[in-house]
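Have a look at the structure below, then the notes.
Every read-out reported here was derived from the displayed coordinates using simple, explicitly stated rules and does not represent laboratory data. Treat the numbers as computed from the prediction; the structure is a model and nothing was measured. Neighbour counts run over all protein chains shown; Cβ positions are idealised from the backbone, glycine included.
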Ligand code: MLY
């Protein structure tokens, strides 16, 4: 049997389903207006997703559409990760030095010895031109050291004592006091996961004290701020965004978290104010963007124009992943 290429329009008609309207997606989730100029082999600096407090030396290992697979120099390929080409997590070579951030050198090289010029010369690769990176607003009222209450995204039932550990452009790094940086995450002032000091008390919810606090049940912000010589992030700096507008049964394209190279057809099966639940269908398509733009993308990126239909077992079909709506 000749397999016809998979089409969103046909699928939506068959399913009598509606695509999530493009207006519901943020700028970052929408298709960029021009093709990315990143090429395999270009080098850059960026945030290690497993250690969000660290900047590393990276090489573009693969480019598919508007997404890049990045390799951390000197480390195993198993740490490679995918980002959108317009991600705020990547910066041109030399950015860390210029902005007073520690750059983790490739494995085996010492921090003091690492030099971009030498690294490029010895590898024979080039730095990604700074013009490929998106310029961002630098407006941020949050400052390093300020305290807040934040949801631990790895344990979403917990709201915890947290600090601003870093600020870049309009985003800041949320760090949980006395925990390691694997719980850290970057967000902006509109994030639904952050709250001003005193929020838990006001809401009648438990607040998780810093790890090792002598009396976690009796945590008092006033004392803690004094002990640590810190200030609370001003409540006016919190600018909670409006809930998303995705609705049950909306179809969209979502990155498969287990195999982030793949983008899958997905259906919204549950919604909360700031999250949607999307179990993956078994069809893989070309991008995770509003479906209306699909034709445009397909027309240009030929190696994605024959989506692959995967045979999946029950286990895979039953697999559900909560995809957070940014
Ligand atoms: N059961 C987990 C909970 C860790 C929570 C960390 N947050 C507060 C940053 C553990 O003990 O590892």
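General observations
- Packing around the peptides 173-182, 269-278, taken as the average count of other Cβ atoms within 10 Å per residue, puts them in this order, highest first: 173-182, 269-278.
- Cα Rg, Dmax (largest Cα-Cα span) when computed across region 76-224, Å: 18.8, 59
- Packing here is the average count of other Cβ atoms within 10 Å per residue, and on that basis the peptides 145-151, 199-205, highest first, run 145-151, 199-205.
- Using the Cβ-Cβ distance between residue 102 and residue 249 with R0 = 35 Å, the FRET efficiency computed as 1/(1 + (r/R0)^6) comes to roughly 0.15.
- Take the Cα of residue 181, step 7 Å toward its Cβ, do the same at residue 24, and the gap between the two points is 3.6 nm.
- Between residue 242 and residue 143, the modelled label-to-label distance comes to 3.3 nm, taking each label 7 Å out from Cα in the direction of the beta carbon.
- At 0.692 mPa s and 37 °C, Stokes D of region 85-125 from Kirkwood alpha-carbon radius, µm² per second: 286
- Computed from the Kirkwood radius of its Cα pairs, the Stokes-Einstein diffusion coefficient for region 55-140 at 20 °C and 1.002 mPa s stands at 154 µm²/s.
- For region 145-219, the alpha-carbon radius of gyration amounts to 1.04 times the rule-of-thumb value 2.2 N^0.38 Å expected for a compact globular protein.
- Sorted into 5 angstrom bins from 0, the C-alpha pair distances of region 1-79 split as 3, 11, 14, 14, 15, 13, 11, 10, 7, 2, 0 percent.
- Inter-part distance, region 113-180 to region 216-261, computed on C-alpha centroids, equals 15 Å.
- Counting only the Cα atoms, region 183-282 fills a convex hull of 160 Å³ per residue.
- Annotation: peptides 67-77, 232-242, 160-170, ranked by per-residue average of other Cβ atoms within 10 Å with the highest first, follow the order 160-170, 67-77, 232-242.
- Using only Cα coordinates, the Kirkwood hydrodynamic radius of region 241-282 works out to 10.8 Å.
- Sites residue 136 and residue 14, calculated FRET efficiency, Cβ-Cβ separation with R0 35 Å, nearest 0.05: 0.30
- With distances taken between every two different alpha-carbon atoms, region 1-145 has a Kirkwood hydrodynamic radius of 17.7 Å.
- Placing a pseudo-label 7 Å from each Cα along the Cα-to-Cβ vector at residue 222 and residue 202 gives an inter-label distance of 1.8 nm.
- Modelled FRET efficiency - R0 22 Å, residue 126 with residue 190, Cβ distances, 0.05 increments: 0.05
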